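These notes concern the structure reproduced below.
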Amino acid sequence: MEKKFKDRLQKLRVNSGIFYVFQFLLVFVALLYYLGLSKGIFGGELYVSPSLVLGFVLLMILINGIILSKDRKFFRKIQAEAYGREDSIINIIKLNRDLRAQRHDFLNHIQVLYSLMELEEYEETRTYLNHLYGDIIKVGNRIKTKSVSVNALLQAKANEAEKKGIHFDLILKSQLEDIPIGEWEFCRILGNLIDNGFEALSNVNISKKVLTIQIYEAITVIEIRVRNNGAFVPEKMVNKIFEAGISSKKDKADHGMGLYIVRKLLEDEGHSIVLEQEGDVCFHITLKK
């Protein structure tokens, strides 16, 4: 999200707060005035019953409270969407960078293959082609859904996993044509869980680190499981892992909000997430269609 847009959102929030505080103060002053009239403090004749004024004031406070609540909810939705768009744009930029890098290398690969053929090194040519083909399909073999944002996210995370030495396995049984949650929110949720898996795997010393994403679709639900074969979350923290500020990481600086954000985004839309630990660490999401 651009800094200018962030500043605009912050200004909107501040202005809304000032407006409602000012309105509340006006009502409060009016209440004191009429109470003062009823006690004869200001003098003059009282034409309106204080109880009626008080009832009106309370009604105004209630109405303003409802409006404020709706405004805050709308603001949070816009803010979450903005952050989701930022994450998706970053992933698209990463994917575009990988595609440009492959295109840049393409001419060099052609020159190498041409030289090998000229030297009649056919076995070396076969080996080189096999390696080259494997690199090429890495960019496209996971782009299978109808959501451009999800495709970009999965590909960017797959490339990141390769650099980290993590085996990235995707089992996709849905085109995600009708995701029952905002596309940007979905990417933010999935991205947070994948990053959480990367972090967990970076702290273990095993020969093969694996992160698996399973997406299945049924008539009434879409189920997503993000698995990793890292260390289990300690038993004492299992029931707290989705709370704000809670983290199982040794370095807790700037940690402990990712899973809280994931749970809040899901529960606000009537969906759910649970932690399952049997054989591996699995975050299981159920999206109700």
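Miscellaneous remarks
- Count of residues meeting criterion [in a loop (DSSP other than H, G, I, E, B) and either within 16 Å of the chain's Cα centre (by Cα) or without any contact (Cβ under 8 Å) to a residue 12 or more places away in the chain (or both)] in segment 176-211: 6
- Members of segment 216-241 that are closer than 16 Å to Leu275 by Cα and in contact with a Leu (Cβ under 8 Å, 6 or more places away or on another chain): Glu223, Ile224, Val226, Arg227, Asn228, Asn229, Gly230, Val233, Val238, Ile241
- Residue in segment 212-226 that is out of contact with any strand residue (DSSP E or B) (no Cβ under 8 Å at 6 or more places or on another chain), part of a helix (DSSP H, G or I) and touching a residue at least 12 places away in the same chain (Cβ under 8 Å) present: no
- Verdict on Leu201 being within 22 Å of Glu276 (Cα to Cα) and in the same structural domain as Phe283 (by TED's automatic domain parsing): yes
Let's see how each residue does on (1) modelled with pLDDT of 65 or more; (2) part of a helix (DSSP H, G or I); (3) surrounded by 13 or more Cβ atoms within 10 Å (Cβ to Cβ); (4) outside the structural domain of Phe186 (by TED's automatic domain parsing):
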site: Gln79; (1), (2), (3), (4): yes, yes, yes, yes
site: Lys94; (1), (2), (3), (4): yes, yes, yes, yes
site: Arg97; (1), (2), (3), (4): yes, yes, no, yes
site: Arg103; (1), (2), (3), (4): yes, yes, no, yes
site: His109; (1), (2), (3), (4): yes, yes, yes, yes
site: Ser115; (1), (2), (3), (4): yes, yes, no, yes
site: Glu120; (1), (2), (3), (4): yes, no, no, yes
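- Check on Leu201, within 24 Å of Val233 (Cα to Cα) and surrounded by fewer than 20 Cβ atoms within 10 Å (Cβ to Cβ): no
The values are calculated or read from the model by the stated rules, or taken from the named source; none is laboratory data. Values in this document were obtained by computation on a predicted structure and should not be read as measured data. Because the Cβ atoms are built from the backbone with ideal geometry, glycine has one as well, and the counts that use them run over all protein chains shown.
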